[in-house]
């Protein structure tokens, strides 16, 4: 392109606004000029018609008084024509037989009324520039005359042309001023957009503190600025969570790797007995298991956070999911001497994916078993709430409970509530289990609520998960 700056300028919103503004102003100016011309012409013609009507009424009265003196009538008509010759008035008088008894010398021949029926009307010939008023006058019981009084419309056209010549310079000024004024207005209107562009250009992933300035006008640009600011808040929060997540994940991965490295160094430091090697290898195996579990949990989080993934949904019996999970964990409960109680209502149908729902229920029951002492109990209930049209799974334990200060942060990644004095050996978690449960539950339209009234009073913790029921099972 020969002038790239010109091409760039022509593509701007400012130029398009200027163009539209100029087009609208010039179009309105042309329409106004045309409307004024038409209006003035209509007004002048209407005034001319009114004058002709008044004059014709006076003339009709004079004819009635002068009849039957034909010479006097002709003199009166001639006097009227001569008195208004400057206005190009013309007049014609014909009797009831259609014979023209008087016609002014300036009456257009083409408009003579030889074959025109007697009537009263105002006419403007289609191909002429005159206005003619005709009226039937009864001067005696059996005698009528038809008077046709007209005037040329040259004065109307002259006045309209004079007005047009006056308005044309104004219109030319308008044509010149419209683009300039449109440019100024467009520049002022797009100034907030330029500020938005300049501010967003300065933003970097590591520096998202700056926000767009809100002018307080309440217009669409203010609304756009608020929307972008909210979007920046979301991005900043997401990046902050991502940084925290990466840091916490690195810390959690480092712990088992450090333990593995330490055990290997110990094993290599000197020659050891078979039993010592086996003990060190068992510790390495345990840490590898912890590492594998942590990596799998991280993969599950990444998989469930993928918004592009299509969620699998199918009719699912919530009661059957709970029963299967209870069967899986029954041996664990017996080994820990914990009573596992089930209160399952049948045929509680929801929409979901069996493996994900099973993962949620297993995780919640396993957490309850971890923090419930021997001789304690864990109760798993599945009920239908027909009023709220939800299916509910509730896991209640008789463990140590959770500090109220920890409840708001339970679903944060890598967060661990302070229940270590009641936690069984080997029950140390990664702090990702509840985060995964919360993410899966929300993605399938459910909700999770944790209640733990007090701590260390034996009341334990109750976790309630709700999902929307299928329509055909809501009742």
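The values are calculated or read from the model by the stated rules, or taken from the named source; none is laboratory data. Note that the structure is predicted; figures quoted are calculated from it, not measured. Neighbour counts are summed over all protein chains in view; Cβ atoms, including those assigned to glycine, are modelled from backbone coordinates with ideal geometry.
Across region 259-281, the number of residues qualifying as exposed (fewer than 13 other Cβ atoms within 10 Å of the Cβ) and either outside the structural domain of residue 291 (by TED's automatic domain parsing) or over 18 Å from residue 291 (Cβ atoms) (or both) comes to 9.
The helices (runs of 4 or more DSSP H) found wholly in region 1-89 and carrying at least 2 residues that are modelled with pLDDT of 85 or more occupy 13-66, 70-83. Across region 339-358, not a single residue is classified as in a helix (DSSP H, G or I) and more than 21 Å from residue 468 (Cα to Cα).
Taking the listed residues 160, 168, 176, the one that is surrounded by 12 or more Cβ atoms within 10 Å (Cβ to Cβ) and under 30 Å from residue 35 (Cβ atoms) is 160, with no other qualifying.
Of all residues in region 359-412, exactly one satisfies the criterion of being assigned to a loop (DSSP other than H, G, I, E, B), over 30 Å from residue 471 (Cβ atoms) and touching a helix residue (DSSP H, G or I) at 6+ places or on another chain (Cβ under 6 Å), namely 410. Considering region 57-83, and only residues there that are in contact (Cβ under 8 Å) with a residue 40 or more places away in the chain and touching a strand residue (DSSP E or B) at 6+ places or on another chain (Cβ under 7 Å), the residue that is surrounded by the most Cβ atoms within 10 Å (Cβ to Cβ) turns out to be 59. The criterion of being farther than 25 Å from residue 411 by Cα, touching a strand residue (DSSP E or B) at 6+ places or on another chain (Cβ under 7 Å), without any contact (Cβ under 8 Å) to a residue 60 or more places away in the chain and in the same structural domain as residue 450 (by TED's automatic domain parsing) does not hold for residue 374.
Comparison of 76, 82, 47 shows that the only residue that is in the same structural domain as residue 154 (by TED's automatic domain parsing), on the phi < 0 side of the Ramachandran plot and in contact with a helix residue (DSSP H, G or I) (Cβ under 8 Å, 6 or more places away or on another chain) is 76. Scanning region 242-258 for residues that are touching a helix residue (DSSP H, G or I) at 6+ places or on another chain (Cβ under 7 Å), modelled with pLDDT of 70 or more and within 16 Å of residue 435 (Cα to Cα) yields no hits at all.
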